[in-house]
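*Asks:* Sharing a structure here in structure tokens format.
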Amino acid sequence: MSDRSDLDVVIVGAGFAGLFMLHRVRGLGFSARVIEAGDGVGGTWYWNRYPGARCDIESMQYSYQFSEALQQEWEWSERYASQPEILAYANHVADRFELRPDIQFETRVQSASYDEPACRWTIVTDRGDALSARFLVMATGCLSSARIPDFPGLASFTGPTYHTGRWPHEGVDFTGQRVGVIGTGSSGIQSIPIIAREARELVVFQRTASYSVPAHNGPIDDDERRAIKADYAAFRARNLQTATAVGSRLPMGETSALAVTPEERQKVYEERWEQGGLQFLGAYIDLLIDPNANDTAAEFVRTKIADVVGDPELAARLTPKTVIGCKRLCVDTGYFETFNRDNVELVDVSETPIGEITAGGLRIGAARFRVRCHRVRDRFRRDDRRAAQHRHPRSRRAVAPGRLGCGPAHPSWPRRGRVPEPVHDLGARQPVGAHDMIVSIEQHVNWIADCIAYLRDHQYAAIEATPDAQDAWVDWVNMIADFTLFPSCNSWYLGANVPGKPARVHAPDRLSRVRREVRRRRREGLRGFRAVAGCDLAGAA
Ligand code: N01
């Protein structure tokens with residue numbers, strides 16, 4: 001594709017946000033182009049091809065709802081969709097809505113600069129294209145960047161290393177290998193049981209033990225599928241009522257865990273455990289609010305780990321001592337059972353960290369571990385460098401960290417001159433981590449698309465959040481976060497996985513309440529924003 005100077009919108013990323021963004025703005029009559037680094041669509045689900053990768057939200061829920069025909073016609077095969085099936089779905093969406101002609105693959109954006117008098121962005125790619133567009137939308141996701149820890153000596157390791165977020169498309173054969181896995185978050189917990197079945201030996205390096213609940217994955221029951229499709233809207237509405245991505249298979253509990261007898265609690269937890277999945281945390285209303293209530297659920301899971309793992313000393317090392325649900329709860333298939341295998345070893349690096357990677361393994365304190373095939377993994381870094389640079393990531397209603405088009409975001413933000421601010425989907429302080437990502441994406445994309453159309457229809461050049469409105473939003477998010485247990489641990493929900501990044505929790509409220517708030521403000525004529533007159537937008541579609 002050659003240089004273009006006539007675009008209305010450039011979108012970065014062809015994951016679920018970028019695909020829907022393109023569909024929406026085209027529907028509004030804008031010309032648009034998506035720039036995508038990979039050679040296919042799918043974003044996070046394009047890159048994360050590690051063994052066992054699948055979604056921890058149920059497939060009937062983890063899907064677009066903007067098209068009734070799409071949600072009626074697409075058939076998910078399993079309760080939790082595997083990565084290949086989710087990628088097939090993304091490809092189906094790209095074909096069904098004829099999105100590919102406007103997507104430029106295998107291209108990275110190198111720079112974006114804003115010409116304020118002209119009200120246009122110039123976007124330069126690593127292929128040498130220079131695109132000019134009125135609006136720039138960053139649909140780069142919040143789990144899209146692989147962050148490899150800077151272990152000393154990493155480059156000296158002579159065997160192959162892999163990261164779950166950048167897995168080779170052709171797969172990896174671990175047969176007969178001695179493999180080391182660093183990390184026991186969601187990605188580690190999914191891949192460890194599968195690698196253990198293939199490898200000759202597997203050494204798992206655990207810094208923090210994780211809570212995990214069983215997935216009980218399997219084919220979707222036809223009656224259940226029919227029932228959901230008969231009234232998909234009601235199903236979606238029920239999911240919105242949850243504070244975390246717990247799903248609607250069982251209703252959210254409405255009482256305190258401390259208001260019932262231990263026997264009653266045990267019965268309820270057992271029922272949720274048997275159902276499987278994240279809805280375990282929906283058993284009682286205060287599990288993510290009251291530490292004592294939380295501990296009843298934590299203790300239930302600790303007992304389950306002890307029941308599964310044969311060796312009590314090993315079970316103790318695999319048992320988390322912290323708040324359950326503060327870090328993302330993992331959903332597994334046979335994770336704890338894997339440690340009963342003779343070829344699996346657990347190495348606790350909580351007190352003595354990994355000091356160095358050597359040519360043939362790694363060193364922890366004085367101990368050396370030899371691994372022939374060492375697989376490095378680490379949690380993701382939210383791809384929001386601006387937020388990482390600032391002490392207080394701020395945004396206005398989560399999608400508009402500043403002017404949509406031009407101008408500084410907030411007087412307190414350090415900047416050189418006037419910093420142009422593209423609009424971010426899934427940006428700072430949004431309800432993303434603890435929620436269903438696609439639901440959040442659809443809301444944000446709709447907001448951005450409506451906002452761009454508003455600017456066009458009212459002949460505005462740009463829009464910016466007022467400092468008061470940004471402060472009010474941040475205060476609201478902080479107020480709710482402080483009411484919960486989320487700030488009590490170091491998780492990626494807070495950005496704590498990136499050294500030096502300010503710890504600020506994502507909006508943890510129920511999605512229904514976040515949406516209601518956004519709708520209310522929109523009805524009030526974008527209260528909290530200031531539209532900026534400037535260039536004549538008549539040229540825009
Ligand atoms: O990353 P993580 P992830 N030495 O940050 C460890 C989504 N997701 O890729 O906890 C030793 O959770 C680190 O230890 P600690 C989901 O939302 C969803 O697994 O920091 N260890 C931790 O154990 C999830 O929450 C799905 O002490 C080091 C691990 O690496 C999010 O993505 C599947 C270390 C990182 O865990 C991120 O999950 C996969 C070091 N120097 C992911 N540095 C599903 O839908 C880090 N660690 C199922």
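*Asks:* Quick one: which residue in A298, A293 is of a type outside the set (S, T, Y), at pLDDT 95 or above and in contact with a helix residue (DSSP H, G or I) (Cβ under 6 Å, 6 or more places away or on another chain)?
*Replies:* A293
*Asks:* If T352 satisfies all but one of (1) within 16 Å of V181 (Cβ to Cβ); (2) open to solvent by 60 Å² or more (accessible area, probe 1.4 Å), what's the number of the condition it fails?
*Replies:* Condition not satisfied by T352: (1).
*Asks:* Let me ask another. So is L70 part of a helix (DSSP H, G or I), open to solvent by 20 Å² or more (accessible area, probe 1.4 Å) and on the phi < 0 side of the Ramachandran plot or not?
*Replies:* Against the criterion (part of a helix (DSSP H, G or I), open to solvent by 20 Å² or more (accessible area, probe 1.4 Å) and on the phi < 0 side of the Ramachandran plot), L70 does not qualify.
*Asks:* Please indicate, with yes or no, whether at least one residue in segment 41-58 is open to solvent by less than 30 Å² (accessible area, probe 1.4 Å) and over 22 Å from A146 (Cβ atoms).
*Replies:* no
*Asks:* Assuming T184 fulfils every condition listed in (1) open to solvent by less than 20 Å² (accessible area, probe 1.4 Å); (2) over 30 Å from E345 (Cβ atoms) apart from one, which condition is it?
*Replies:* (2)
*Asks:* Continuing with this model, one more query. Just to verify a result, which residue in segment 161-175, among those that are open to solvent by 30 Å² or more (accessible area, probe 1.4 Å) and in contact with a Lys or Arg (Cβ under 7 Å, 6 or more places away or on another chain), is farthest from the ligand (Cβ to nearest atom)?
*Replies:* H169
*Asks:* Sticking with this structure for a sec: Identify the residue in segment 310-330 that is under 15 Å from P291 (Cα atoms) and of a type in the set (A, V, I, L, M, F, W, C) and, among all such residues, is most open to solvent (accessible area, probe 1.4 Å).
*Replies:* V323
*Asks:* Can you tell me which residues in segment 275-309 are crowded, with 17+ Cβ neighbours inside 10 Å and in contact with a His (Cβ under 8 Å, 6 or more places away or on another chain)?
*Replies:* G276, G277
*Asks:* State which residue pairs qualify: first residue polar (S, T, N, Q) and inside segment 142-157, second residue assigned to a helix (DSSP H, G or I) and near the ligand (Cβ under 9 Å from one of its atoms) in any location, beta carbons under 9 Å apart, and separation of 6 or more residues or different chains.
*Replies:* S144/T44; S144/G165; S145/G165
*Asks:* Follow-up question, since we're still on this one. Exactly one condition in (1) assigned to a loop (DSSP other than H, G, I, E, B); (2) over 30 Å from E73 (Cβ atoms) is false for L250; which is it?
*Replies:* (2) is the only condition that L250 fails.
*Asks:* Scan segment 331-349 for residues that are away from the ligand (no atom under 11 Å from the Cβ) and either open to solvent by less than 70 Å² (accessible area, probe 1.4 Å) or in contact (Cβ under 8 Å) with a residue 40 or more places away in the chain (or both) and report the count.
*Replies:* Residues flagged as away from the ligand (no atom under 11 Å from the Cβ) and either open to solvent by less than 70 Å² (accessible area, probe 1.4 Å) or in contact (Cβ under 8 Å) with a residue 40 or more places away in the chain (or both) within segment 331-349 amount to 11.
*Asks:* Does segment 95-113 contain any residue that is more than 16 Å from the ligand (Cβ to nearest atom), under 26 Å from L240 (Cβ atoms) and in contact with a His (Cβ under 8 Å, 6 or more places away or on another chain)?
*Replies:* Among the residues of segment 95-113, at least one is more than 16 Å from the ligand (Cβ to nearest atom), under 26 Å from L240 (Cβ atoms) and in contact with a His (Cβ under 8 Å, 6 or more places away or on another chain), which makes the answer yes.
*Asks:* Residues that are open to solvent by less than 10 Å² (accessible area, probe 1.4 Å), of a type outside the set (S, T, N, Q) and modelled with pLDDT under 95: does segment 101-121 have at least one?
*Replies:* Yes: one or more hits.
*Asks:* Need pairs with beta-carbon distance below 6 Å; first residue farther than 10 Å from S350 by Cβ and within segment 196-208, second of a type in the set (S, T, Y) and buried (at least 22 other Cβ atoms within 10 Å of the Cβ); sequence gap 6+ or separate chains.
*Replies:* The qualifying pairs are A196/T338.
*Asks:* Just name the residue that is nearest to E313 (Cα to Cα) out of those in segment 193-213 that are away from the ligand (no atom under 11 Å from the Cβ) and in contact with a helix residue (DSSP H, G or I) (Cβ under 7 Å, 6 or more places away or on another chain).
*Replies:* The residue in question is Y211.
*Asks:* Then there is this: So, in segment 1-40, exactly how many residues are crowded, with 19+ Cβ neighbours inside 10 Å, of a type in the set (D, E, K, R) and more than 22 Å from M437 (Cβ to Cβ)?
*Replies:* Adding up the residues that qualify gives 3.
Yes/no matrix, rows are residues, columns are (1) within 18 Å of E442 (Cβ to Cβ); (2) within 16 Å of the ligand (Cβ to nearest atom):
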| site | (1), (2) |
| --- | --- |
| R26 | yes, no |
| W45 | yes, yes |
| R54 | no, yes |
| S63 | yes, yes |
| S77 | no, no |
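*Asks:* Mind listing whichever residues of segment 15-39 are in a loop (DSSP other than H, G, I, E, B) and closer than 27 Å to P168 by Cα?
*Replies:* Scanning segment 15-39 gives G15, E36, A37, G38, D39.
The values are calculated or read from the model by the stated rules, or taken from the named source; none is laboratory data. Being a predicted model, the structure only gives us computed values, none of them experimental. Note: ideal-geometry Cβ built from the backbone for every residue, glycine included; neighbour counts use all protein chains shown. For accessibility, only protein heavy atoms count, side chains too; no ligands or nucleic acids. Shrake-Rupley method; radii C 1.70, N 1.55, O 1.52, S 1.80 Å.
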